[in-house]
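In what follows, a structure is listed as structure tokens, so that the remarks can point back to it.
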Amino acid sequence: MVTGPSTTTAVQKAVGPVVLLGPPGAGKGTQAKRIAEHFGIPQISTGDILRANVAAGTELGKQAKSVMESGNLVPDELLFGMVSARVGEADCARGYILDGFPRTLAQAEWLDKFFQNQRDAQLPPVVVDIQVGYNELLGRLTGRRTCPTCGRIYNVHLSPPKVEGLCDVEGSKLVTRKDDEETVIAERLKAYERQTAPLTDYYKSQGRLLILDGSRSIDEVTSQAFQAIEKAREKNVGQR
Ligand code: AP5
């Protein structure tokens, strides 16, 4: 596991919501963990929450399971209650990272209303889009392995664990996500192009979009992310 630039000291300042956009495999989960550690705010991954519900066999998990396994997006209505409950928790008071939400125009519009209602309690959102080309995404997703205990993300080709098949920190046996089979990956990338890619223009027109070159190394993307978020944060604090 690569530990990235200055990920050890949490910066205890108000950050506000950070929205991470990007196609499957862009590195949202990888970077969200580093941003969370650096700024001392929680990562909220809608994919992770949905997978936990599937594993626990909850009603939400039962409704989401087959949709996720086919590579499509879970219906918007199932996401709204889940996201508002999580961001209402105490650890989100200084800010939080939304990893994988919003993913449709309806979700983005819902989120804008949510931010509007929260405007006295939080800084305005910072929206970061991690951009990576199609072939690179395919290589990353087929090589991804995840620790079932701590969620750390590895890649058998690009960032392998020290001991093959085991998490560097937990020692747990690494797993391959069910939706990382090639046919499902193709569906996920199609769903992204159809439903999520238009959000780039949506946030660009609001003047909020910060674009990162996600094809660079994990550490280089982390440095870009820290700088972009810190700059936007300072601007938002200055405008209060
Ligand atoms: P989710 O879990 O959010 O998956 P995703 O968006 O498809 O994104 P991934 O987790 O696959 O990729 P990532 O960008 O996090 O990349 P990672 O850091 O792992 O969603 C899963 C499913 O849940 C969806 O398909 C949908 O059904 C449902 N869902 C979730 N949210 C929803 C919503 N809002 N609405 C409706 N449905 C929803 O990196 C990938 C690999 O690349 C790793 O191996 C990593 O080590 C490697 N890597 C990362 N960065 C680099 C780099 N810079 N250089 C080299 N390798 C790198």
By the Cα gyration tensor axes a ≥ b ≥ c (a/c under 1.5 gives rounded; else a/b larger than b/c gives prolate, otherwise oblate), the shape of region 147-195 is prolate
Answer in debye to the nearest 20: the dipole magnitude of region 115-170 about its Cα centre, from +1 Lys/Arg and -1 Asp/Glu charges placed on Cβ, is 80
Eigenvalues of the alpha-carbon gyration tensor of region 82-170, times 5 and square-rooted, give semi-axes in Å, largest first, of 33, 18, 10
So, relative contact order of the chain in percent, Cα under 8 Å, 6 or more apart, is 30
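Could you sort Glu170, Glu59 by their accessible area in this structure, using a 1.4 Å probe and putting the largest first?
Listed by decreasing accessible area, they come as Glu59, Glu170.
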Per the C-alpha gyration tensor (a ≥ b ≥ c, the square roots of its eigenvalues), region 1-137 is rounded if a/c is under 1.5, else prolate if a/b beats b/c, else oblate; here it's oblate
DSSP beta bridges in the chain: the antiparallel percent, rounded to 5, is 25
CD proxy, 222 nm, the chain: helix-only mean residue ellipticity via -39,500 (n - 2.57) per DSSP H run with n ≥ 4, per residue, nearest 500, stands at -14000 deg cm²/dmol
With every protein chain kept in place and a 1.4 Å probe, region 15-142 has an accessible area per residue in Å² of 39
Note on region 98-211: contact order normalised by length, alpha-carbon pairs under 8 Å, 6 or more apart, percent, works out to 33
With all protein chains present and a 1.4 Å probe, the order of Ser45, Ser215 from largest accessible area down is Ser215, Ser45
For Lys113, counting only aspartates and glutamates whose alpha-carbon sits under 17 Å away and dropping same-chain residues fewer than eight positions off, the answer is Asp76, Glu77
Hits for the chain under the membrane-span-like helix rule (DSSP H, Cα axial span at least 20 Å, Kyte-Doolittle mean at least -0.5) are none
Per the Kirkwood formula over distinct C-alpha pairs, the hydrodynamic radius of the chain in angstrom is 18.3
Cross-link reach from Lys178 to lysines, straight Cα distance under 27 Å and at least 8 residues apart if same chain, gives Lys28, Lys33, Lys62, Lys65, Lys162, Lys190
Sorted list, accessible surface of protein heavy atoms, 1.4 Å probe, largest first, for Ile49, Ile211, Ile35 is Ile211, Ile49, Ile35
Under the Karplus relation with 6.51, -1.76 and 1.60 and θ = phi - 60°, whole-Hz ³J(HN,Hα) for region 172-180, x at Gly and Pro, equal 6, 6, 6, 10, 9, 5, 4, 8, 9
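The values are calculated or read from the model by the stated rules, or taken from the named source; none is laboratory data. In this text the structure is predicted, and so the values were computed from the model without any measurement. Methodologically, a virtual Cβ is constructed for each residue, glycine included, from the backbone with ideal geometry; neighbour enumeration extends over all protein chains shown. Side chains are part of the model used for accessible areas, which takes the heavy atoms of the whole protein and leaves out ligands, DNA and RNA. Shrake-Rupley method; radii C 1.70, N 1.55, O 1.52, S 1.80 Å.
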